[in-house]
Amino acid sequence: MRKEHTRLLLNGNHAVAYGVRLAQAKVIPVYPITPQTPIVEKISEFQARGEMEVELMTAESEHSAMSACITASLTGVRVFTATASQGLMLMHEMLHYASGARTPIVMANVNRTIGSPWGFWPDQTDSLAQRDTGWIQYYCEHGQESLDTVLQAYRVAEQALLPAMVVHEAFYVSHALEAVEVPDQTIADRYLPPFDPPHRLDPEIGESWGNTVNQDMFHRHRHDLGQAMERVPGLAREADAEYKKLTGRGYGIIEQYRCDGAKLVLATMGSMAGTAREAADQLRSAGVAVGLLKVKLFRPFPTEDVRKALQGVPKVMVLDRNFAPGTGGFLHQELKAALYGMENAPSVHGYLAGVGGTNVSPANILELAQAALTEGPAANSVWKG
């Protein structure tokens, strides 16, 4: 009987590389940047050993790498790249081009502080600053989830014809070792069919890309892009459910943990969800009814799922490892917008905890939870740590 998975000790970045190998990406334009580089280093090892048939393109910048991703994807091949921090900032212009061209590129972004000042620590501001570029955004808690999400991202991206970002944090995930189950290639192939886009640069099809359009055509194009994004939550739920059938692992587009009867729900994304889950357990053991809402799919924001999850909850405490000057935490603002107009909506407390990679322990979260249970909600996120 053939094994359906292999259990390996991998860091989060290498887990992503295994996911890309399973997806059988054919073109990977790259530019190295800490702490992303181990992803493409591992892929180059797969290529050198003959374990992966792939064209690795070494670009002179991240802007050029994304440009190459777009043109390669438009020819009808599966494309991947990876970046972080300043590299993602340099790509910004081309991220809009990628979504506008409806290219289902999958990119891993390893969250790292953006300058200035200079730093290398985990902070989600780099990817969240790209939230309006038309890219699907998934946030992952650990390496296993990152590997699995690469495959799910390709499936959803290629159905919606939108690019997708798979995001995890520097060091807490990127360089942390854990046991990871790598599915067999036959499982991945059953889950992810060959990429065969309906539109591509092919003389026999006779289509082109990049033409100048009039106002009405641009309007219709953006409308179509918006409709494609509206399909993503449903496609993502289906993709996750099918993946769970094949592997036993599923994550949903949000996770509710111990939310039944909760007086307070902790809401966060990425690796901090693990810490918040531990804090929720400790508070429950102490007789305090606290749960966790982990937001995995951030773009498009899963408003319907979040509203349903928080129905009847009196208070929500948001933990943001990111910062938008002038508004506070990104998730805090998105949650408030999602809950606006909801009958008996919970009061929302936002805490800037972990910005710049500062450590947030279960004890820190316990202290913040006690404060949220007694305080009124603040208009803007409150600095902690």
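The values are calculated or read from the model by the stated rules, or taken from the named source; none is laboratory data. These figures come from a predicted structure and were not determined experimentally. Glycine gets a Cβ as well: all are built from the backbone with ideal geometry, and neighbour counts include every protein chain shown.
Just so you know, in segment 78-103 the residues that are surrounded by fewer than 24 Cβ atoms within 10 Å (Cβ to Cβ) and among the hydrophobic types (A, V, I, L, M, F, W, C) include one that is farthest from A17 (Cα to Cα), and it is A101.
So, H5, is that one modelled with pLDDT under 95, touching a helix residue (DSSP H, G or I) at 6+ places or on another chain (Cβ under 9 Å) and of a type outside the set (D, E, K, R) or not?
Against the criterion (modelled with pLDDT under 95, touching a helix residue (DSSP H, G or I) at 6+ places or on another chain (Cβ under 9 Å) and of a type outside the set (D, E, K, R)), H5 qualifies.
Restrict the check to segment 126-133 and report whether at least one residue is in the same structural domain as H14 (by TED's automatic domain parsing), under 28 Å from T212 (Cβ atoms) and either among the acidic types (D, E) or buried (at least 24 other Cβ atoms within 10 Å of the Cβ) (or both). Taking every residue of segment 126-133 in turn, at least one turns out to be in the same structural domain as H14 (by TED's automatic domain parsing), under 28 Å from T212 (Cβ atoms) and either among the acidic types (D, E) or buried (at least 24 other Cβ atoms within 10 Å of the Cβ) (or both).
Among the numbered conditions (1) under 18 Å from K294 (Cα atoms); (2) of a type outside the set (A, V, I, L, M); (3) in contact with a Ser or Thr (Cβ under 8 Å, 6 or more places away or on another chain), the only one that S127 does not meet is (3).
The rows are residues; the columns are (1) within 13 Å of the chain's Cα centre (by Cα); (2) assigned to a loop (DSSP other than H, G, I, E, B); (3) more than 24 Å from E41 (Cα to Cα).
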{"residue": "H63", "(1), (2), (3)": "no, no, no"}
{"residue": "A68", "(1), (2), (3)": "no, no, no"}
{"residue": "L95", "(1), (2), (3)": "no, no, no"}
{"residue": "M107", "(1), (2), (3)": "yes, no, no"}
{"residue": "D123", "(1), (2), (3)": "no, yes, no"}
{"residue": "D126", "(1), (2), (3)": "yes, no, no"}
{"residue": "L147", "(1), (2), (3)": "yes, no, no"}
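Considering segment 310-335 alone, what residues qualify as being over 20 Å from the mean Cα position of the chain (by Cα) and closer than 13 Å to A267 by Cβ? Residues satisfying the conditions are L310, V313, K315, V316, M317.
Only one of the numbered conditions (1) more than 28 Å from N111 (Cα to Cα); (2) in contact with a Ser or Thr (Cβ under 8 Å, 6 or more places away or on another chain) is not met by E169, and that is (1). Figure legend. Inter-residue proximity from segment 361-383: first residues part of a helix (DSSP H, G or I) and at pLDDT below 90, second residues buried (at least 19 other Cβ atoms within 10 Å of the Cβ) and not polar (S, T, N, Q), beta-carbon distance below 7 Å, spacing 6+ or different chains. No pairs are indicated. Would you say R220 is in contact (Cβ under 8 Å) with a residue 24 or more places away in the chain and surrounded by fewer than 20 Cβ atoms within 10 Å (Cβ to Cβ)? No, not satisfied. Whenever a residue of segment 189-208 is of a type in the set (V, I, T), its partners that are surrounded by 12 or more Cβ atoms within 10 Å (Cβ to Cβ), lying with C-beta atoms within less than 9 angstrom and at least six residues away or across chains, give the pairs I205/H199.
Would you say T149 is at pLDDT 95 or above and under 18 Å from P302 (Cα atoms)? Answer is yes for this residue. If the condition is being over 19 Å from M165 (Cα atoms) and either assigned to a strand (DSSP E or B) or among the polar types (S, T, N, Q) (or both), then segment 12-55 contributes S44, Q47, E55.
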